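The values are calculated or read from the model by the stated rules, or taken from the named source; none is laboratory data. Nothing here was measured: the structure is a model prediction, and the numbers come from that model. Neighbour counts run over all protein chains shown; Cβ positions are idealised from the backbone, glycine included. Note: accessible area is taken over every heavy atom of the protein model, side chains too, but ligands, DNA and RNA are not part of it. Shrake-Rupley method; radii C 1.70, N 1.55, O 1.52, S 1.80 Å.
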Amino acid sequence: MMATQDRQNGPATTPQPPIQERFVLAAAWVIPMDPPGTVLTDHAVVVAEGRIAALLPTSEAQMRYPQPQWPWLIRPNHVALPGFVNAHTHAAMTLLRGVADDLPLERWLHEAIWPREQALVSPEFVYEGSWIAAAEMIAGGITTALDMYFFPDAAAQAFHEAGLRAMVGLVALEFPTPYANDADAYLEKGLAAWEKWRDTPLLSFALAPHAPYTVSDATFARIAALANELELPVHLHLNETANETPQSLAQFGVSPLERLARTGILETPQVIAAHGVHLDRDELVTLGKYGAALVHCPTSNMKLASGAADVTAWHAHGIIAALGSDGAASNNRLDLFWEMRHAALLAKLTQRDAAALPAATLLEMATLGGAKALGLADEIGSLTPGKSADLITVSFESFLTRPLFDPISHLVWVADREQVCDVWIAGVPKKRDHTLLLQKSNTQLAVFAEKWRQNHK
């Protein structure tokens with residue numbers, strides 16, 4: 001359990017694995033995502049002081065960066081690539097994993113999720129659930145996540161301790177929860193968390209009004225003003241289900257997107273909208289015009305029977321496209337291998353086009369696309385010299401991954417998160433040889449989960 005004093009007095013000093021100030025990673029294949037779709041064979045990634053220092057053929061690296069001055073890590077049957085970006089999740093909902101399967105979204109929320117959150121959610125719940133999520137994501141090669149949940153202070157503490165790069169959403173709603181009583185209180189508490197953690201390495205923030213159907217015009221207008229003043233992105237759910245537009249037309253006389261436009265949300269520094277399943281052509285044109293990002297959550301959308309987003313149309317209208325897992329209560333995994341594969345299958349099935357959403361496009365959405373969506377493309381998303389060393393290796397050693405003709409295809413269609421061998425975030429090793437290097441053990445995290453399972457009524 002996180003100490004109360006830590007939550008009140010600021011970020012606690014957290015032991016981390018020692019930073020390897022410099023090392024050379026040599027892999028059979030390197031996918032730098034610069035430009036997307038490129039595959040380099042027998043190349044080496046040079047890391048110094050937490051950043052990508054160079055990317056060059058292994059033979060040249062051996063001459064320029066010799067041992068023992070430079071520690072070398074050889075991965076002869078592996079692919080190295082940027083870490084994945086999970087552009088939409090509710091991290092602490094790992095503690096609600098599997099409690100409400102086989103329900104549509106409205107019943108899932110009203111009958112199963114919101115009553116449990118009312119009974120259970122607390123700073124301790126969010127801290128422990130977010131720690132589980134951070135470990136799960138790191139284990140699966142996710143090095144950055146955009147979170148939206150209650151008690152962002154507790155979530156920030158967990159992400160900071162785990163060493164996950166995270167954008168923490170400062171959620172806002174109109175109705176009371178254990179976190180806050182009204183929209184003003186949500187924003188006040190969220191901004192206090194932002195002020196406390198804003199200078200912490202690896203952490204950034206977004207204003208996170210939940211959705212048009214749970215947030216008023218007045219609150220949207222205030223959030224738009226704050227986003228422009230503080231230069232923060234805005235993250236929200238948009239048009240996840242077919243009911244949202246008819247309900248908005250009946251209640252407000254305009255669509256959800258028109259409400260966002262008239263309250264100024266679309267003119268904020270960056271809009272990151274999750275789901276976007278039910279958007280027409282004119283709405284896609286509008287989102288493209290404003291440089292908005294849409295986050296595709298195919299597994300959650302299928303599981304809740306929300307529909308299939310037309311991601312090829314997103315691309316056609318110049319919309320930044322990323323991938324998200326959504327929360328573990330509606331998925332039930334935080335796994336971007338899963339999302340890439342499901343996105344591909346869903347697009348091919350619904351469009352009856354085997355060429356829809358090819359593997360290279362999906363890998364870009366999971367890496368550089370996610371970085372662009374979060375406004376972090378200058379820092380992460382590709383193995384470009386000067387960027388942060390957020391990178392992973394995936395093993396293709398097993399016969400289950402052979403023969404291998406195209407490593408990009410294999411990452412989408414063959415590999416699973418269990419094949420993630422190594423993970424670095426800002427040059428700090430978080431997983432090595434399939435073993436997590438985190439402050440909390442598997443046993444500690446399992447105790448967190450079991451404690452909350454026993455609290456469910």
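May I ask you to verify whether residue 156 is free of Cβ contacts under 8 Å to residues at least 40 places away in the same chain, among the hydrophobic types (A, V, I, L, M, F, W, C) and open to solvent by less than 10 Å² (accessible area, probe 1.4 Å)? Steps first, please.
Values: free of Cβ contacts under 8 Å to residues at least 40 places away in the same chain: no; among the hydrophobic types (A, V, I, L, M, F, W, C): yes; open to solvent by less than 10 Å² (accessible area, probe 1.4 Å): yes.
When the stated conditions are applied, residue 156 does not pass them.
Consider residue 132 against the criteria (1) farther than 12 Å from residue 154 by Cβ; (2) touching a strand residue (DSSP E or B) at 6+ places or on another chain (Cβ under 7 Å): it satisfies all of them except one. Which criterion is unmet?
Status for residue 132: all satisfied but (2).
So in the range 364-411, with the set limited to residues that are among the β-branched types (Val, Ile, Thr) and touching a Pro at 6+ places or on another chain (Cβ under 8 Å), which one is farthest from residue 51 (Cα to Cα)? Show your work before the answer.
In the first step, residues of the range 364-411 are kept if they are among the β-branched types (Val, Ile, Thr); the result is 367, 380, 384, 392-394, 401, 408.
Of the ones still in play, those that are also touching a Pro at 6+ places or on another chain (Cβ under 8 Å) are 367, 380, 384, 392.
Details: 367: 17, 380: 10, 384: 9, 392: 14 Å.
Here the answer is 367.
Just to be sure I understand, how many residues within the range 195-212 are under 14 Å from residue 174 (Cα atoms) and crowded, with 20+ Cβ neighbours inside 10 Å?
Going residue by residue through the range 195-212, those that are under 14 Å from residue 174 (Cα atoms) are 208-212.
With the extra rule that they be crowded, with 20+ Cβ neighbours inside 10 Å, the set shrinks to 208-209, 212.
Counting residues in the range 195-212 that are under 14 Å from residue 174 (Cα atoms) and crowded, with 20+ Cβ neighbours inside 10 Å gives 3.
Pairs only if they're at least six apart or on different chains, beta carbon under 9 angstrom, first in the range 335-359 and farther than 11 Å from residue 312 by Cβ, second among the polar types (S, T, N, Q) and part of a loop (DSSP other than H, G, I, E, B); list them, first residue then second.
Short answer, once both residue conditions are applied: 335/325; 336/325; 338/325; 338/331; 339/325; 339/331.
For the range 365-400, what are the residues that are surrounded by 18 or more Cβ atoms within 10 Å (Cβ to Cβ) and part of a helix (DSSP H, G or I)?
Selection gives 365, 366, 367, 368, 369, 370, 371, 372, 373.
Checking the structure you have, find out if any residue of the range 242-265 is in contact (Cβ under 8 Å) with a residue 60 or more places away in the chain and out of contact with any strand residue (DSSP E or B) (no Cβ under 8 Å at 6 or more places or on another chain). Give the steps one after another, and end with the answer.
In the first step, residues of the range 242-265 are kept if they are in contact (Cβ under 8 Å) with a residue 60 or more places away in the chain; the result is 242-243.
Still in the running and out of contact with any strand residue (DSSP E or B) (no Cβ under 8 Å at 6 or more places or on another chain): 242-243.
Among the residues of the range 242-265, at least one is in contact (Cβ under 8 Å) with a residue 60 or more places away in the chain and out of contact with any strand residue (DSSP E or B) (no Cβ under 8 Å at 6 or more places or on another chain), which makes the answer yes.
Scan the range 403-457 residue by residue and report those that are assigned to a strand (DSSP E or B) and open to solvent by less than 50 Å² (accessible area, probe 1.4 Å). If you could, list the steps in order and put the result at the bottom.
Step one: list which residues in the range 403-457 are assigned to a strand (DSSP E or B), which gives 420-425, 428-432, 435-436.
Scanning the range 403-457 gives 420, 421, 422, 423, 424, 425, 428, 429, 430, 431.
Surrounded by 14 or more Cβ atoms within 10 Å (Cβ to Cβ), farther than 24 Å from residue 425 by Cβ, of a type in the set (S, T, N, Q) and in contact (Cβ under 8 Å) with a residue 60 or more places away in the chain: is that true of residue 177 in this structure? Walk me through it before giving the result.
Details: surrounded by 14 or more Cβ atoms within 10 Å (Cβ to Cβ): yes; farther than 24 Å from residue 425 by Cβ: yes; of a type in the set (S, T, N, Q): yes; in contact (Cβ under 8 Å) with a residue 60 or more places away in the chain: yes.
So residue 177 passes the test.
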